[in-house]
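Values in this text are rule-based calculations from the coordinates and carry no lab data. Please read all numbers here as calculations on a predicted model, not as lab measurements. Cβ placement follows ideal geometry from the backbone for every residue including glycine, while neighbour counts extend to all protein chains displayed.
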Amino acid sequence: MTRSATVANKRSSPILLIAGITLVAVALVVAVIAAKPGADSSASASRASLPAPTAAAAPRPAQLLTARESQFDFGSISMAAGKVSHRFWFRNEGSNPLSIQRIYTSCMCTTATFVKGMRKIGSYGMPGHGGPLPDVNESLAPGEAAYVDVVFDPAAHGPSGLGRTERVVTIERAGGERLQFDFVANVTP
């Protein structure tokens, strides 16, 4: 009795396995790169006034605060639906610790909470409203990341606040250098 089924060559199985693993690894790398927040070219057009990294071979500056993204668009949001929020991540890419001195917003309709590790530090708003803003006085070690949770209340200005709205959240380090996060929204009733 003879068999009519074809048996695969045993030598080709490891080659196919290696090729398959390689293909999956490449696909994962591409997916991770594509999924990184701020990986598009519009995020690289940051309004950050802090020094940008130069050449890969150059030594790291002593202090360098960088952001994953510096701009966010909420799109169309309704006053009736209530507040919206967005998280802006940043990191100390320098070789020395740096100090975050102040955080403030461009309008009283926006607040920002500094979060480092599991600690929420303050709720910061617009300077001049409700007294002086408290100093943050938190340091970031080299390579350490933190974020600000930004909350925007589209109903804060009532009917006069309808339409395109642009706001800014500023992180100021010791020495006065600033990192800015911008957001826009189209406010509807």
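Per residue of the stretch 146-156, what does 6.51 cos²θ - 1.76 cosθ + 1.60 with θ = phi - 60° give for ³J(HN,Hα)? Whole Hz please, x for Gly and Pro, Karplus curve as stated.
Using θ = phi - 60°, the values come out as 8, 8, 10, 8, 9, 10, 10, 9, x, 8, 4 Hz.
Between Met118 and Ser95, 0.36 nm times their residue separation minus their Cα-Cα distance comes to what?
On the way: separation 23, 0.36 × 23 = 8.28 nm, distance 2.34 nm.
So the extension gain works out to 5.9 nm.
Taking H placed 1.01 Å from N in the peptide plane, check which residues at least 5 places from Gln71 or on another chain put their amide H under 5 Å from its amide H.
The answer is Asp182.
Just for the Cα atoms in the stretch 47-188, what are the lengths along the principal axes, largest first, rounded to whole Å?
The principal-axis extents, from largest down, are 52, 33, 26 Å.
What order do you get for Ser70, Ser160 when you list them from fewest to most C-beta neighbours inside 10 Å? Don't skip to the end; give the middle numbers.
Numbers: Ser70 22, Ser160 6.
So the ranking, lowest neighbour count to highest, is Ser160, Ser70.
So for the pair Ala174, Ser78, with labels modelled 7 Å out along Cα→Cβ, what separation do we get in nm?
So the label points at Ala174 and Ser78 sit 4.8 nm apart.
Among Leu65, Leu162, which comes first, second and so on when ranked by fewest other beta-carbon atoms within 10 Å? Please list the in-between numbers first.
On the way: Leu65 21, Leu162 14.
Ascending number of Cβ neighbours within 10 Å: Leu162, Leu65.
Whole-Hz Karplus ³J(HN,Hα) for the stretch 103-120, in order, using 6.51 cos²θ - 1.76 cosθ + 1.60 and θ = phi - 60°, x for Gly and Pro?
3J(HN,Hα) across the stretch 103-120, in whole Hz: 9, 8, 10, 8, 7, 6, 7, 10, 10, 9, 10, 7, 10, 10, x, 9, 9, 8.
Pull up all non-local amide H partners of Leu133: gap of 5 or more, or a different chain, and H-to-H distance under 5 Å with H placed in the peptide plane.
Close amide H contacts, sequence-distant or interchain: Gly128.
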